[in-house]
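The values are calculated or read from the model by the stated rules, or taken from the named source; none is laboratory data. Computed from a predicted model, the values in this text were never measured in an experiment. Glycine also receives a Cβ, built like all others from the backbone with ideal geometry; neighbour counts cover every protein chain displayed. Ligands, DNA and RNA are stripped out before the accessible areas are found, and what is left, the full protein with its side chains, is counted by its heavy atoms. Shrake-Rupley method; radii C 1.70, N 1.55, O 1.52, S 1.80 Å.
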Amino acid sequence: MDAGIQLDTVLLKTASRCNIDCSYCYVYRGPDTAWRKQPKRMRPEVLAAVCDRLVEQADRQRAGFAIVLHGGEPLLLGFDGLASMLRKLRSRFSLERHPIGIQTNGTLLTRELLDLFAETRTSVSVSIDGPREVNDIGRLDHRGASTHAATMRGIDLLDSHDEREFLFAGTLSVIQPAADPAIVYRFLKDLGSPSMDFLFQDGNHDRLPPGKARFESTEYGQWLSRVLDLYLADPSPVPIRVCDDTIKLCLGGESQKEGRGNKPYGILVIETDGEIRKNDTLRASFDGADRFGNPWNVTTTSLSTVLASPEFIAYAGMHSPESQVCRACELLAICGGGMPLYRWSTERGYDNPSVYCHDHKAMIRHAVSRLDAMGLRDALVVRPSPDHAP
Amino acid sequence: MDQPTKQPSSRLPEVAAPEGSGAETPDFGVAHPVLSRLMEEVRNEKRVDAAYDRVHHRHNRGR
Ligand code: SF4
């Protein structure tokens, strides 16, 4: 049994292309161009090697891990490839210890695929940013046309499936700060999303995120604070991951996902050619930021070799910010310095607070003051600020 | 860096109804639906024998 960092999540890039063309995509619109050299789909011999390596890793670590099919658009692998991979994985892994999920834009979902996912206990999370006018800001196809109707068709199929309860894991939305958070929230609730999550748009200190006027401005923090208010005011809320992580960390609990809190996460990505890489969000920093120095590949290298390597340990340590500003920050235990990609500048590398620092502060301060006003002062790990009323 | 970080209380209070929690929060009259669930999770995480398995909550990843 291996000691050290364990695998939490493995992202399988079953397809390295996407059938739509989101303006904010860190894979195809960022500085990294490596995807051009990747095979478009995972080949059968790589699929087989991935399954073998995951089984091998499961035998070597105590904790389970999540397996997420990702892309590009993972459904571009096609029914036969997905069926062969998912049936093989599910025959070796229990649902309890090794959840399998797919993150999809929803446009290629079919009844046949959903039956396969039900059979292999594979849950589906759909990317959608809100109602059409909000979704169309960023999520267009390669001809510049709206993808909203196609995604909604996929969600309708999901929602009407007999196994909907299991299959529909939730929605993932990229924040469009110009959009009204109340309209987005209501839309996702009416959609029947069983859980929501909201992501920041890519950006760093060289390139400010869209909709953010300057480092000190708080457009995203205000947007999320408003979502938090809507969430706390909702008599029948569904879990919102970014809000839940923030609230739990304020109360001394743990986060569930990287980007909040101070726990390291063991995340590996496997490309369509079998190459093993770091968290692909790092690609938004510079070309090749997610590559290990060694060209590790599932066909030749075990995941435990990668997890035990000094390079992996250094990469996992990036969750803890280098910046002295963050290290001295009273909100560090909750914020965690945000995801590393947002800390990047050409001049100082990752040795900066997050480009979203003021947004994190605004949202966390807002959460703290709301929890304080709800009678939870004694449970808070950070004192409420007198100048931040809910 | 206005205020120091303090250690979390080892015992969370029973779930508070959202009294005085802002104009938008209705009076649920029962435990708060979000906070009840999250405080229960935090309590479970703090149990010495708790092996909190976060893998089950990670479907919402990526884009
Ligand atoms: S990014 Fe900002 S809020 Fe977060 S830990 Fe660093 S200084 Fe604190």
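Considering A:GLY170, A:GLY192, A:GLY154, A:GLY138, which residue is in contact (Cβ under 8 Å) with a residue 12 or more places away in the chain, on the phi > 0 side of the Ramachandran plot and open to solvent by less than 10 Å² (accessible area, probe 1.4 Å)?
Numbers: A:GLY192 fails: open to solvent by less than 10 Å² (accessible area, probe 1.4 Å); A:GLY154 fails: on the phi > 0 side of the Ramachandran plot; A:GLY138 fails: on the phi > 0 side of the Ramachandran plot.
When all the criteria are applied, what remains is A:GLY170.
What pairs come up if the first residue lies in segment A:350-377 and is over 11 Å from A:CYS250 (Cα atoms), the second is hydroxyl-bearing (Ser, Thr, Tyr) and within 10 Å of the ligand (Cβ to nearest atom), and their beta carbons are under 6 Å apart, counting only those six or more places apart or on different chains?
Hits for this filter: A:ASP351/A:SER323; A:ASN352/A:SER323; A:PRO353/A:SER323; A:SER354/A:TYR342; A:VAL355/A:TYR342; A:TYR356/A:TYR342.
Is there a residue being of a type outside the set (Ser, Thr, Tyr) and in contact with a Leu (Cβ under 8 Å, 6 or more places away or on another chain) anywhere in segment A:286-295? Quick ask: steps written out before the conclusion?
As a first pass, look at segment A:286-295 and keep what is of a type outside the set (Ser, Thr, Tyr): A:286-295.
Okay, now just the ones that are also in contact with a Leu (Cβ under 8 Å, 6 or more places away or on another chain), so A:289-290.
Yes, there is a match, as at least one residue in segment A:286-295 is of a type outside the set (Ser, Thr, Tyr) and in contact with a Leu (Cβ under 8 Å, 6 or more places away or on another chain).
Among A:LEU109, A:LEU95, which is at pLDDT 95 or above, outside any helix (DSSP H, G or I) and in the same structural domain as A:GLU275 (by TED's automatic domain parsing)?
None of the others qualify; the one that does is A:LEU109.
At negative phi, touching a residue at least 24 places away in the same chain (Cβ under 8 Å), in a strand (DSSP E or B) and open to solvent by less than 10 Å² (accessible area, probe 1.4 Å): which single residue out of A:LEU228, A:LEU268, A:LEU224 fits that description?
Testing whether each residue is at negative phi, touching a residue at least 24 places away in the same chain (Cβ under 8 Å), in a strand (DSSP E or B) and open to solvent by less than 10 Å² (accessible area, probe 1.4 Å) leaves just A:LEU268.
From the list A:TYR350, A:TYR356, exactly one residue is surrounded by 24 or more Cβ atoms within 10 Å (Cβ to Cβ), more than 9 Å from every other protein chain (Cβ to nearest Cβ) and out of contact with any Leu (no Cβ under 8 Å at 6 or more places or on another chain). Which is it?
A:TYR356
Scan segment A:173-189 for residues that are closer than 20 Å to A:TYR24 by Cβ and either among the β-branched types (Val, Ile, Thr) or open to solvent by 20 Å² or more (accessible area, probe 1.4 Å) (or both) and report the count.
Of the residues in segment A:173-189, 8 are closer than 20 Å to A:TYR24 by Cβ and either among the β-branched types (Val, Ile, Thr) or open to solvent by 20 Å² or more (accessible area, probe 1.4 Å) (or both).
Quick one: which residue in A:THR305, A:THR272 is more than 13 Å from chain B (Cβ to nearest Cβ), more than 22 Å from the chain's Cα centre (by Cα) and more than 16 Å from the ligand (Cβ to nearest atom)?
Numbers: A:THR272 fails: more than 22 Å from the chain's Cα centre (by Cα).
On inspection, the qualifying residue turns out to be A:THR305.
Among the candidates A:PHE200, A:PHE166, which residue alone is under 22 Å from A:ALA362 (Cβ atoms) and aromatic (Phe, Trp, Tyr)? Spell out the reasoning first.
Details: A:PHE166 fails: under 22 Å from A:ALA362 (Cβ atoms).
Of the residues listed, the single one that is under 22 Å from A:ALA362 (Cβ atoms) and aromatic (Phe, Trp, Tyr) is A:PHE200.
If you go through segment A:198-221 one residue at a time, how many are part of a loop (DSSP other than H, G, I, E, B) and free of Cβ contacts under 8 Å to residues at least 60 places away in the same chain?
Here is the first cut: in segment A:198-221, the ones part of a loop (DSSP other than H, G, I, E, B) are A:200-218.
Among the residues that remain, those that are also free of Cβ contacts under 8 Å to residues at least 60 places away in the same chain are: A:207, A:211, A:213-214.
Qualifying residue count for the region: 4.
Would you be able to say whether some residue in segment A:197-217 is of a type in the set (Gly, Ala, Ser), over 27 Å from A:TRP344 (Cβ atoms) and assigned by TED's automatic domain parsing to the domain that holds A:THR305?
no
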